[in-house]
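Input: a single structure, listed below in structure tokens.
The values are calculated or read from the model by the stated rules, or taken from the named source; none is laboratory data. For clarity, every value in this text was computed on a predicted model and none was experimentally measured. Reconstructed Cβ throughout: ideal geometry from the backbone, glycine too, with neighbour counts over all protein chains shown.
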Amino acid sequence: MRIPLCCALSTGLLLIVGCSRDAAPPGGADPAATPAAATTETPAPAASEQIFGPEELEQMVAPIALYPDPLLAQVLMGATYPGDVADAAAWAAAHPDAKGDAAVLQVANQPWDPSVQALVAFPEALSVLGQDPAWVQRLGDAFLAQPEAVMDAVQRLRHKAEAAGNLASNEYQSVFTQPAPPPAAGEAAPAESTVIVIEPSEPEVVYVPAYDPNTAYGAWSYPSYPPPYYPPSPYYYPGGALASGLMWGAGIAIAGSLWGDMDWNDNDINIDVDRYNNINRNNQINRGDNTWNHNAANRDGVPYRDQANRERNGRQLDGAGNRDAFRGEDARRTEQRNQARASMQDRGIQPASSNREARDQARTAANRPDSRDAARDRAGATADRSAQRDRAQQSTDRNRTANQGSRDGGRTQTQQQRSREQTQRNNQSRDTARQQQQRQQAPRNNAFEGASRPSSSHQAQQRGQSSRQSASRPSGSRSSGQPVSRPSSPPQRSSGGGRRR
């Protein structure tokens, strides 16, 4: 069957686009020796892909929006490595008394990202993050794909908590405002003109607040997206259930565990290099690496939710540069692809640059009137040729059947003729044998036998006279035969045993 031209061209376009591959980026540093803050090879995308809406973002950040800025920064960084956060939460549950810088030093040899190792200093926060790994992964995906939108959602909730009377400075925290950064060109002005900053009241002591997001922010703006509530552990917050407002646990003394901080002006996270190097002795960074960047090598294979991060970080895993060899990419295949593209261009066909464009071109070619008419004509011609082949095949089958019947009929007639001739010969042979037998076995008791042949009767009579004469001769004149000697008694048989007595 002949394939229509439009289908063939469409298939060629899809093959060419599917075989095209982007050049693999240069190999990154060793994951074990490269901390998160040192991964600065790839800049952030110019425009963020909107994966979550404002209502979803507020729902996700509600349990942590009232954390102090340094701790909030550590949580947002660590959430981009959800597998490590789950392991750290399990470790903290097994070591409930480990906290502060001492706990971070205990997990220095764990294969976790440094931002997750820093969270071990705050078991109260890990007890919340460990209750819902899916929420942690969504939070990290949102911060990777929409960092500006996530930080804006945090500010909206903080203003709501302040308006509800649940956010103010006290002995545990210092709350103050600063002017909001001006919007970028082409962007709308932020809803709030000020930015609320939350810092520990004492730089070396951090208190982790516990609160119910359903009451801390006043009336919730999105009833269809209620915030999740993860109850605090009674081990760290003794004193009963939380009714409203914020509840505080014991203060945690830190010196180098918190090395990140929120940068509300640039919508990113700043890194305190000195603190980072003091606590992460196995992973030192340069002084110029003072802005956090995600390290895909510590993602442990967890897929990215947005296309930009898939393209930017998907090829930075171990062995990513060797994928082309498994896909059959070589110089010969590239040359063949280029030749096919040049041949299509010579015929007036522009190769597509993407799979979507190839499908659109194929759909357009299939919907053209001339293409449909040509396709119908080709389909009709193909049907006619198929009908002709069927008729020719049927005629051949009939002729073959007739010839076979003729041969079978001739063989049948020949066999029947031979059978009749054999039957005649058999009958003749039986008649001849019967006649011979009748002649040989003529009856001898016929009284009139020889009446028609006097000579035969005379000979028979003479034979009888000769017999009488021979019988009447004396015995001496007869010829004596061979004398026979027989024993008078039969010989005795010998007995098998001894002599009988």
So for the stretch 185-195 (the condition being surrounded by 14 or more Cβ atoms within 10 Å (Cβ to Cβ), modelled with pLDDT of 90 or more, in the same structural domain as I64 (by TED's automatic domain parsing) and under 23 Å from A92 (Cβ atoms)), does at least one residue qualify?
no
Restricted to the stretch 328-347, and to residues that are modelled with pLDDT under 75 and part of a loop (DSSP other than H, G, I, E, B), which residue is surrounded by the fewest Cβ atoms within 10 Å (Cβ to Cβ)?
G328
Considering only the stretch 371-380, I want to know if a residue exists there that is modelled with pLDDT of 80 or more, more than 30 Å from A142 (Cβ to Cβ) and charged (D, E, K, R).
no
The stretch 88-141 - residue that is without any contact (Cβ under 8 Å) to a residue 40 or more places away in the chain, surrounded by fewer than 16 Cβ atoms within 10 Å (Cβ to Cβ) and hydrophobic (A, V, I, L, M, F, W, C) and, of those, nearest to Y235 (Cα to Cα)
A93
Among the candidates P213, P234, P223, which residue alone is surrounded by 15 or more Cβ atoms within 10 Å (Cβ to Cβ), within 49 Å of the chain's Cα centre (by Cα) and not hydrophobic (A, V, I, L, M, F, W, C)?
P213
Would you call V175 part of a helix (DSSP H, G or I) and touching a Leu at 6+ places or on another chain (Cβ under 8 Å)?
no
